[in-house]
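Novice: Can you keep this structure in mind? I'll have questions shortly.
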Amino acid sequence: MKITKTTNSRLKTTDFASLPFGRVFSDHMLVCNYKEDNWQEAEILPYGPIAMNPGTQVFHYGQAVFEGMKAFKNDKGEVLVFRKDENFKRLNKSAVRLSIPEIPEDVFMNGLDELLALDSDWCKEEEGYSLYIRPFIFASAECVKASASTEYTFIIITCPTTKYYGSSINVVIEEHFTRATKGGVGFAKAAGNYAASFYPTKQANANGFQQVIWTDSIEHKYIEESGTMNIWFRIGDKLITPELSDSILGGITRDSVVTLAKDSGIQVEQRRVSVSEVVEAYKSGELKEVFGTGTAVTVIPIDSITFRDNKMSISTIENSYAMLLKQKLQGIQKGKIEDIYGWTVKAPSKTPVS
Ligand SMILES: Cc1ncc(COP(=O)(O)O)c(C=O)c1O
């Protein structure tokens, strides 16, 4: 792998005390191109512009997929990457659905290792910090025919981050717009899914909500997810989350929380959840907690859900499942709690010889 190190690091001039999410980038990026039916040799370069012609296919047809994952620095100064094998698998699952050639495991894993070794100083050890890792693939052939591209580019960039939202959020149930539909690409991290969600989300924002709760596209009766998070309801002492389908993104945090909750003795149900079940549980006082899970937020309590004109406020409770699961998850991610699941993998600290 060819590595070109930056001669102009931005590390010292970056204000780590104020990091707007997703706007600050580390010094290097990994780039790998696909052409003539093969992924070529990957390269690490200083983070910077990439030249593309206006006829590049991704601009026209949105043939692009991405991932979002995180690394954390433990108190020994080691960088721990959380469940990168799952993100790798999901990236390729998304790629297949979008008719993009799958990334070979060594390109992804070795590239990530080299990149993290170079930019490990961007991952801060202090509480609340992490390094957000964004791998993505897009159609890069110069061609405006509406067809799958013959060339692709795979890139990994990283962003130092602190908290995503505030400490909790208010959401509204969306009954008109749809994020994903049966037979569509909702289970994939396809760029277009996000483009389609911005307009309804902006409307919700204008009405004072941080996010929408997406419902099924056919009847708008069943809850799917909230914004870019999977959603959870504690009804009585059971923890319920919508079962995965082709219109729900199978969150890696969701999967981790299922395991952590079960291993904490909490009864977990993955099944269809209707809006009316949630409203009834609220009315009867059984809706004790609602929270979202995702890489960016880990576990975040939802303060209120608005359905039509009714705001259901959820008060904080003692022995909160959300807090327990958040502590366990973050403890494992930061290397403070023993990782009995093998979820965290140490990134090599020095650039391996390539
Ligand atoms: C639509 C959607 N749902 C759920 C999630 C949560 O997934 P994960 O826990 O893997 O970050 C995300 C974020 O990646 C998302 O974009």
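The values are calculated or read from the model by the stated rules, or taken from the named source; none is laboratory data. This one's a predicted model, so the numbers in the text were calculated from it and none came from an experiment. So basically every Cβ, Gly included, is an ideal-geometry build from the backbone, and we count neighbours across all protein chains shown. Accessible surface is based on the protein model in full, side chains and every heavy atom, while ligands, DNA and RNA are left aside. Shrake-Rupley method; radii C 1.70, N 1.55, O 1.52, S 1.80 Å.
Novice: Excluding ligands and nucleic acids, what accessible area in Å² is computed for R234 using a 1.4 Å probe, to the nearest 10?
Specialist: 20
Novice: Also, quick follow-up: Under the Kirkwood approximation applied to all pairs of distinct alpha-carbon atoms, what is the hydrodynamic radius of the chain in Å?
Specialist: Taking the inverse mean of 1/r over all distinct Cα pairs, the chain comes out at 21.4 Å.
Novice: What value, in deg cm²/dmol to 500, does the helix sum -39500 (n - 2.57) over DSSP H runs of n ≥ 4 give at 222 nm once divided by the residues of the chain?
Specialist: It comes out at -7500 deg cm²/dmol, rounded to the nearest 500.
Novice: What percent does the relative contact order of the chain come to when contacts are Cα pairs within less than 8 Å and at least six residues apart?
Specialist: Numbers: 727 pairs, mean separation 67.6, N = 354.
Relative CO of the chain lands at 19 percent.
Novice: Given a 1.4 Å probe and heavy atoms of the protein chains only, how would you sort H28, H220, H176, H60, largest accessible area at the top?
Specialist: My answer, sorted largest first, is H176, H60, H220, H28.
Novice: Follow-up question, since we're still on this one. Projected onto the charge dipole of the chain (+1 at Lys/Arg Cβ, -1 at Asp/Glu Cβ, origin at the Cα centre), which of T6, S18, S274 gives the Cα projection farthest towards the positive end?
Specialist: It is S18, whose Cα lies furthest towards the positive end.
Novice: With every protein chain in place, what's the accessible area of D303 (1.4 Å probe, Å², nearest 10)?
Specialist: 60
Novice: At R0 = 56 Å, how high is the FRET efficiency between S274 and E338 if r is their beta carbon distance? Nearest 0.05 is fine.
Specialist: With R0 = 56 Å, the Cβ-Cβ based efficiency is 0.90.
Novice: While we're looking at this one, here's another question. What is the distance, in nm, between label points placed 7 Å from the Cα along the Cα-to-Cβ direction at S9 and at D246?
Specialist: Placing both labels 7 Å beyond Cα along the Cβ direction yields 4.9 nm.
Novice: Next question. What helices in the chain pass both tests, a Cα length along the helix axis of 15 Å or more and a mean Kyte hydropathy of -1.0 or higher, using whole DSSP H runs?
Specialist: Length and hydropathy pass: 105-118, 191-206, 252-263, 321-333.
Novice: Still on this structure, I have one more. Which value, in Å³ per residue, describes the convex hull spanned by the Cα atoms of the stretch 14-141? Mind dumping the intermediate values first?
Specialist: Details: hull volume 15.7 nm³, N = 128.
About 123 Å³ per residue, rounded to a whole number.
Novice: A further question follows. Residue separation times 0.36 nm, minus the C-alpha to C-alpha distance between Y194 and N38: what's the value?
Specialist: So the extension gain works out to 53.3 nm.
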